[in-house]
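Have a look at the structure below before the remarks.
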Amino acid sequence: MPHDCARPLTDAGTYAFDARGVAKRFRHAAIFGALSALMPGETMRFCNDHDPIPLLHQIGDHFGDKIKMAYISREPGEIVIDFLVTA
């Protein structure tokens with residue numbers, strides 16, 4: 001069953017971020033801002049229409065081991081990644 005990014009999450013500490021609704025010129029800044037706002041133990045569930053591999057490298061370079069990434073869905077047109085803040 002595919003993940004529906006339009007549905008709010010019920011898990012405490014998990015926050016949805018649907019990048020498809022953010023203007024492209026603001027996306028990376030918005031994503032970095034959202035990740036910076038998370039507290040340890042919180043997760044941002046990121047939804048996008050394409051696999052943002054360059055962005056993932058930038059996040060890894062910037063946050064290091066503080067953020068753990070896990071794909072929830074890697075279907076064409078529906079990429080869902082959980083970003084968990086560990087420290």
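The values are calculated or read from the model by the stated rules, or taken from the named source; none is laboratory data. Because the structure is predicted, anything quoted here is derived from the model rather than measured. We place every Cβ from the backbone using ideal geometry, glycine too, and count neighbours over all the protein chains shown.
Below are the figures for this structure:
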quantity	calculated
Filtered residues of region 21-31 (kept if farther than 17 Å from His62 by Cα and not in a loop (DSSP other than H, G, I, E, B))	Gly21, Lys24, Arg25, Phe26
Scope region 17-62; condition more than 16 Å from Ile81 (Cα to Cα), in contact with a helix residue (DSSP H, G or I) (Cβ under 8 Å, 6 or more places away or on another chain) and in contact (Cβ under 8 Å) with a residue 24 or more places away in the chain; matching residues	His62
Count of residues meeting criterion [surrounded by 14 or more Cβ atoms within 10 Å (Cβ to Cβ) and among the basic types (Lys, Arg)] in region 38-87	2
Any hit, region 67-81, residues being of a type in the set (Asp, Glu) and at pLDDT 95 or above	no
Some residue of region 5-17 being among the acidic types (Asp, Glu) and modelled with pLDDT of 95 or more	no
